[in-house]
1. For the chain, what proportion of DSSP beta bridges, expressed in % and rounded to the nearest 5, is antiparallel?
2. By how many degrees, 0 to 90 and rounded to 10, does the Cα axis of helix 2-18 deviate from the longest principal axis of the chain?
3. Is it possible to state the helix-based mean residue ellipticity at 222 nm for the chain, with each DSSP H run of 4+ residues giving -39500 (n - 2.57), the sum divided by total residues, to the nearest 500 deg cm²/dmol? What is it?
4. Label residue 52 and residue 234 with points 7 Å out from Cα along Cα→Cβ: what is the distance between them in nm?
5. What FRET efficiency comes out for the pair residue 204/residue 109, r = Cβ-Cβ distance, R0 = 45 Å, nearest 0.05?
6. Summarise the accessible area of the chain (1.4 Å probe, protein heavy atoms) by the percent that is carbon and sulfur.
7. Roll a 1.4 Å probe over the protein chains and send me the accessible area per residue for the chain in Å².
8. Please determine, in degrees from 0 to 90 and to the nearest 10, the orientation of helix 147-161 with respect to the longest principal axis defined by the Cα atoms of the chain, where the helix direction is its Cα long axis.
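The values are calculated or read from the model by the stated rules, or taken from the named source; none is laboratory data. The structure displayed is predicted, hence computed values, not measured ones. Because the Cβ atoms are built from the backbone with ideal geometry, glycine has one as well, and the counts that use them run over all protein chains shown. Note: accessible area is taken over every heavy atom of the protein model, side chains too, but ligands, DNA and RNA are not part of it. Shrake-Rupley method; radii C 1.70, N 1.55, O 1.52, S 1.80 Å.
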Amino acid sequence: MAGKVSTVETRLAKLAGRSHGVVTRGQLLAAGITRDEIDHRLSLGALLREHRGIYRVGHRAPSVEARYLAAVWACGDGAVLSGRAAAYLWGILKGAAPPPEVTAPSEHRIKGVTTHRARHIARTTHRGIPITTVPRTLVDLASHLSLDALARACHEAGVKYETTPEQVEAVLAKRRRTRGAAKLRAVTSGDVQALLSELERSFQRRLKEAGLPLPQTNRPAHGRRVDCRWPDRRLTVELDSYRYHHSRHAWEQDRRREREARARGDEFRRYTYGDVVESPRLMLAELRALLR
């Protein structure tokens with residue numbers, strides 16, 4: 001008997017280890033664990049019911065991934081994490097983890113889960129969880145976020161996943177009507193004067209205090225979004241925070257941005273947090289000369 005129990009626990013652990021500690025009744029039965037064995041472990045608390053036919057294995061404090069995956073599986077085949085929950089998992093929406101939100105081909109009503117129905121879903125997998133693609137996630141967010149919050153999400157998507165306006169437009173083009181589409185297009189086209197970080201806001205304050213002209217911010221220039229640009233003065237400025245510019249990939253992107261700016265005939269300058277906030281005198285002197 002002890003050997004059989006050990007075998008069952010080994011199978012449970014193997015299944016759970018693949019999927020954030022979440023298993024389905026179907027998976028357990030397919031692994032040779034009987035209905036009686038499932039019911040016995042439910043009575044002991046070794047299996048914890050998350051949704052109908054969806055269980056957590058022996059942990060009472062589920063991770064965000066466990067909650068999200070359980071919700072997706074509860075909505076059946078073809079379901080994906082979507083909306084704010086997907087944006088949070090992708091890391092393009094900050095703050096506390098939103099409740100599970102799932103889009104599926106058929107209609108479902110699951111307690112504690114916001115559900116949507118859609119036939120065609122741009123989907124992928126992230127952290128082992130079926131999820132809407134980043135461009136589709138941005139489209140889903142468009143009707144729920146403020147203009148500034150949507151601009152920040154688009155910026156995060158561009159930095160982390162190199163999501164382009166063309167990718168977002170391809171998703172919009174496949175949908176008849178999308179709430180917030182005009183707002184999203186205003187962001188991706190650069191028509192919105194968005195400030196995405198405290199460093200950018202500090203830079204703007206320094207310019208105003210010095211009586212210097214303000215730039216366009218976070219608008220595309222020859223296909224790539226740039227932090228600050230004065231088109232009439234042929235000047236591009238990038239603001240480097242450690243958060244976005246400490247990796248090798250970011251370093252390579254920075255060099256490419258500089259080459260592109262010079263190729264379009266712009267002067268190019270790069271300023272750090274120290275230049276903007278701590279010791280702005282030399283930066284402002286340089287900008288006065290360039291913007292005369």
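1. Values: 21 of 32 bridges.
If we restrict to bridges inside the chain, about 65 percent are antiparallel.
2. 20 degrees
3. Working: 13 runs with 134 residues, N = 292.
Mean residue ellipticity, 222 nm, calculated: -13500 deg cm²/dmol.
4. Reported label-point gap for residue 52 and residue 234 is 6.9 nm.
5. Numbers: r = 47 Å, r/R0 = 1.05.
Efficiency at R0 = 45 Å is approximately 0.45.
6. Numbers: 7770 of 15640 Å².
Carbon with sulfur: 50 percent of the solvent-accessible area.
7. Details: 15640 Å² over 292 residues.
About 54 Å² of surface per residue is accessible.
8. Between the helix axis and the principal axis of the chain, the angle is about 80 degrees.
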